[in-house]
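Structure first, then comments.
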């Protein structure tokens, strides 16, 4: 019996040695000037914020659920390699938002918008003329303020430095990730206790291109948000938890693919400039985005 078992194990060993697992160098597509992509995206944000004063009285109790849905075709008009686009065009077929189930159609629906970066900030105008109202322009400015070189660097930091096999994982360089995130607003994050990992879940061919499913898990303890009198200071254990899945082309040939993201931050905070006051936050975001190529006519 032992001889039979050893023979079986031996044959398995040589099969495994002879069938070394294929590895993949992951490269995401950077859209060149003139390229167009169709985008369908949705985002649900649930926010609960309660503030209590030094006497134990609730002075703020905000609870809302906001849902954003957009469908558009985006074309890069101008771009320098390795940097965010400086000029784009978006043609919206759907743009709507609901807050606590009250649906509101955006002024962008059915419109084509020209977006251009000038002197470090983005400007917006309707193609063919027409003024974008202040509320809509502010929403676009908020979105595009995130499309900075920081975003490009964060994307690069999430990916593995070398080739990886299916099932293989890698540690994310969290000190650098935290450094980039800190550029996006007044907040203090705990670098030492941050953790992040990526994993290639599967790889497959489609239309002659190499696709893969990537999963990222990130945890970042947060120390404070805000500055001055509005600063919130959090206790131990409060952290940003992010789970991200990309099912996309990984050979750099196309942007086609889909993204799903879940983020949550919940915990209690004190307000140093208001002795005895405290705040409780529970904020979660669920987002999805599907991108597909648009063939030139």
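Readers should treat all values here as calculations from the given coordinates under stated rules, not as data from a laboratory. None of the values given here were measured: they were computed from a predicted structure. For neighbour counting, all protein chains shown are included, and Cβ atoms are generated from backbone atoms with ideal geometry for every residue, glycine included.
Listing for the model above:
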{"item": "GNM top mover of 226, 56, 34 - the chain, alpha-carbon springs below 10 Å", "result": "56"}
{"item": "The chain - Rg over Rh from alpha carbon coordinates, Kirkwood radius", "result": "1.05"}
{"item": "The range 158-215 versus the range 216-257: alpha-carbon centroid distance in Å", "result": "11"}
{"item": "Highest-MSF residue in the chain out of 94, 183, 127 [GNM, Cα springs under 10 Å]", "result": "183"}
{"item": "Rough spin-label spacing in nm, given labels placed 7 Å along Cα→Cβ, for residue 102 and residue 207", "result": "4.2"}
{"item": "Shape category assigned to the range 83-126 from the gyration tensor of Cα positions, a/c cut at 1.5", "result": "prolate"}
{"item": "Percentage relative contact order, the range 202-297, counting C-alpha pairs under 8 Å, at least six apart", "result": "24"}
{"item": "Whole-number D in µm²/s for the range 184-297 (Stokes-Einstein; Kirkwood sum over Cα pairs; 37 °C, 0.692 mPa s)", "result": "196"}
